[in-house]
Amino acid sequence: MRGQHPSAGATRIVLLAACCALVAAVNAAGLGGTFSTQGAQGKVVARLEVRGERLVGYIDFAGRTRVNLVGAIQGSSARGSATSKEGIGEFEAEVAGDTLNLVLSQKDGPNQRAARLPLMLQREGGTRAALGGDARLVGQWTHQDMIVSGNASFASEERLQFRADGSYAYGRGPAAAGGADWSFDGGRGNDVEHGLWRTENGVLYVGDGARWNRVGTYAQTEDGSAMRISYDGGGRKVWVRRK
């Protein structure tokens, strides 16, 4: 084309490569910093540092256990090795704004058993630090009731979902009843309540971000497959994690 500089195409390619490198650097920078959450056993703190294309740092579990992290960065995520006195495993980390989603895992070995621990931590000083908290709660849960009287029975289900962004949904699941010569299908159920959630020192709160209501205390099994909530209004419920 008349008037085009012979190196214009090459210049555009160089500029595009430079822009891509800049975007990658900005994304990687988001992984660096101090993130924390309040677990049932105390404060969990992750301190991460970006060194070129590598991520190094550690996670401190309430001063009792320290896990060292070394990994490779790809965009806004990283993965690599996780080591502690208790064993050797792997980690995956991804940052979205002020939220760090991190998963620790290890395989079966001579001196360790297979395990997977998801964590959701907030950047200290970030705008969403008050939401969420104990990342072990993140996921979908169900609670089932069964009532039997004579030859009749009634089964109902409740569903609860804690999301990593600090929101939750609660609703009724399927319900059914029946006897020797009759049956009832209550349908699939639906969500009836939405809001925000957070935890503090083993206590669960729900609210709208401005006002918070205390639900009660909670505790989980070691493998995170079940959770018991002791409600302040009375009663306890066992929730099972949905896969």
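The values are calculated or read from the model by the stated rules, or taken from the named source; none is laboratory data. This is a predicted model, so every value here is computed, not measured. Cβ atoms come from the backbone with ideal geometry, glycine included; neighbour counts cover every protein chain shown.
Which of the residues belonging to segment 187-202 are part of a strand (DSSP E or B) and either surrounded by 15 or more Cβ atoms within 10 Å (Cβ to Cβ) or at pLDDT below 85 (or both)? So that I can check it myself, show each step before the final result.
Going through segment 187-202, the residues part of a strand (DSSP E or B) turn out to be 191-200.
Hits for segment 187-202 are Asp191, Val192, Gly195, Leu196, Trp197, Arg198, Thr199, Glu200.
Name the residue that is surrounded by the fewest Cβ atoms within 10 Å (Cβ to Cβ), counting only residues in segment 47-66 that are within 15 Å of Leu121 (Cα to Cα) and not aromatic (Phe, Trp, Tyr). Walk me through it before giving the result.
To start, the set of residues in segment 47-66 that are within 15 Å of Leu121 (Cα to Cα) comprises 47-48, 57-62.
In the following step, the residues that additionally are not aromatic (Phe, Trp, Tyr) were identified as 47-48, 57, 59-60, 62.
Working: Arg47: 16, Leu48: 23, Gly57: 23, Ile59: 24, Asp60: 16, Ala62: 13.
It comes out as Ala62.
Within segment 87-96, is even one residue modelled with pLDDT under 90, under 18 Å from Gly33 (Cβ atoms) and assigned to a loop (DSSP other than H, G, I, E, B)?
no
For segment 101-114, give me the residue count where each residue is over 20 Å from the mean Cα position of the chain (by Cα) and within 19 Å of Lys243 (Cα to Cα). If you could, list the steps in order and put the result at the bottom.
Filtering segment 101-114 down to residues over 20 Å from the mean Cα position of the chain (by Cα) leaves 107-113.
Next, from what is left, pick out any that are within 19 Å of Lys243 (Cα to Cα): none.
Total satisfying the criteria: 0.
Please verify whether Thr142 is closer than 27 Å to Arg241 by Cβ, hydroxyl-bearing (Ser, Thr, Tyr) and not in a loop (DSSP other than H, G, I, E, B), treating the condition exactly as stated. Steps first, please.
Values: closer than 27 Å to Arg241 by Cβ: yes; hydroxyl-bearing (Ser, Thr, Tyr): yes; not in a loop (DSSP other than H, G, I, E, B): yes.
Answer is yes for this residue.
Look at segment 115-131 and say how many of its residues are within 9 Å of the chain's Cα centre (by Cα) and at pLDDT below 85. Outline the logic, then answer.
Looking only at segment 115-131, we keep the residues that are within 9 Å of the chain's Cα centre (by Cα), and these are 118-121.
When the remaining residues are screened for being at pLDDT below 85, the result is 120-121.
The number of residues fulfilling the criteria is 2.
For segment 77-98, which positions are over 27 Å from Gln112 (Cα atoms) and surrounded by fewer than 17 Cβ atoms within 10 Å (Cβ to Cβ)?
If the condition is that a residue be over 27 Å from Gln112 (Cα atoms) and surrounded by fewer than 17 Cβ atoms within 10 Å (Cβ to Cβ), then Ala96, Gly97 are the ones that fit.
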